[in-house]
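Okay, structure first, notes after.
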Amino acid sequence: MKAIYPGTFDPVTNGHLDIIERCSKKFDKIIVLVLNNPSKKHMFSVEERINLLKDVTSNLENVHVESFTGLLVDYMKQNHVELIIRGLRAVTDFEYEMQMALMNNRLYDDAETFFLIARNKYSYLSSSIVKEVASFHGNITGLVPEKVEMAIKDKLKGV
Ligand code: PNS
């Protein structure tokens, strides 16, 4: 069975990577889908986010990285995928995740969302908090893969 793990991934964190690794053991194929929202400002372009994701998942044979602009359910219908994977960190995630899961299911009856509880050590982790800490020269080692840490530092050079 194949499943889709959608997100913004600006950039991928060790929390995302943990979800990808755990799912890759349970499903035949995982599509990590970078959703492109042109109206939002991002640190990394879609191409950069894809390249970082491909790099950090290169050891996982059944993980494929792609991007899409539009509704997630439209990608799912076009590519015959019915399962969405999302990670749940704290209770604060729940309302937003429930809203998305119900809306996706309303738009596409066959779409089901499976939630994985984030590991304790990643339960406070988000791309935004990593970028904020890095922007003030805080230590982000261990929160993102090494390649991503270097890419963030590169972006912030001269800012
Ligand atoms: O990593 P994020 O930012 O929490 O991911 C949110 C994402 C990209 C999965 C969500 O915003 C999304 O699916 N966007 C695509 C547009 C869409 O389908 N919107 C309706 C979802 S209910």
Seminar exercise, completed: Taking the range 91-130 and keeping residues more than 13 Å from the ligand (Cβ to nearest atom), of a type in the set (D, E, K, R) and surrounded by 15 or more Cβ atoms within 10 Å (Cβ to Cβ) leaves 119
Exercise. Does any residue in the range 95-114 that is under 12 Å from residue 4 (Cβ atoms) and part of a helix (DSSP H, G or I) come within less than 7 Å, Cβ to Cβ, of a residue that is modelled with pLDDT of 95 or more and not basic (Lys, Arg) six or more places away or on a different chain, and which pairs are these?
Worked result: 104/72; 104/73; 104/84; 104/111; 104/113
Exercise. Out of 4, 84, which single residue is assigned to a strand (DSSP E or B), within 9 Å of the ligand (Cβ to nearest atom) and under 15 Å from the mean Cα position of the chain (by Cα)?
Worked result: 84
Problem set entry | the range 115-159, subset part of a loop (DSSP other than H, G, I, E, B) and of a type in the set (D, E, K, R), residue nearest to residue 86 (Cα to Cα) | 119
Seminar exercise, completed: Matching residues in the range 37-48 (within 12 Å of the ligand (Cβ to nearest atom) and either acidic (Asp, Glu) or surrounded by fewer than 16 Cβ atoms within 10 Å (Cβ to Cβ) (or both)) number 4
For this session: Give the number of residues within the range 7-27 that are among the charged types (D, E, K, R) and within 13 Å of the ligand (Cβ to nearest atom).
Result: 1
For this session: Could you tell me which residue of the range 49-67 is nearest to the ligand (Cβ to nearest atom), considering only residues that are closer than 16 Å to residue 11 by Cα and touching a helix residue (DSSP H, G or I) at 6+ places or on another chain (Cβ under 7 Å)?
Result: 67
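What tally of residues in the range 69-81 results from selecting those that are without any contact (Cβ under 8 Å) to a residue 40 or more places away in the chain and near the ligand (Cβ under 9 Å from one of its atoms)?
Taking the range 69-81 as the starting set, the residues that turn out to be without any contact (Cβ under 8 Å) to a residue 40 or more places away in the chain are 69-71, 73-74, 77-78, 80.
Then keep just the ones that are near the ligand (Cβ under 9 Å from one of its atoms); that gives 69-71, 73-74.
Looking only at that region, the number is 5.
The values are calculated or read from the model by the stated rules, or taken from the named source; none is laboratory data. Just so it is clear, the model here is predicted, and its values are computed rather than measured. FYI the Cβ positions are ideal-geometry reconstructions off the backbone, even for glycines, and counts take in every protein chain you see.
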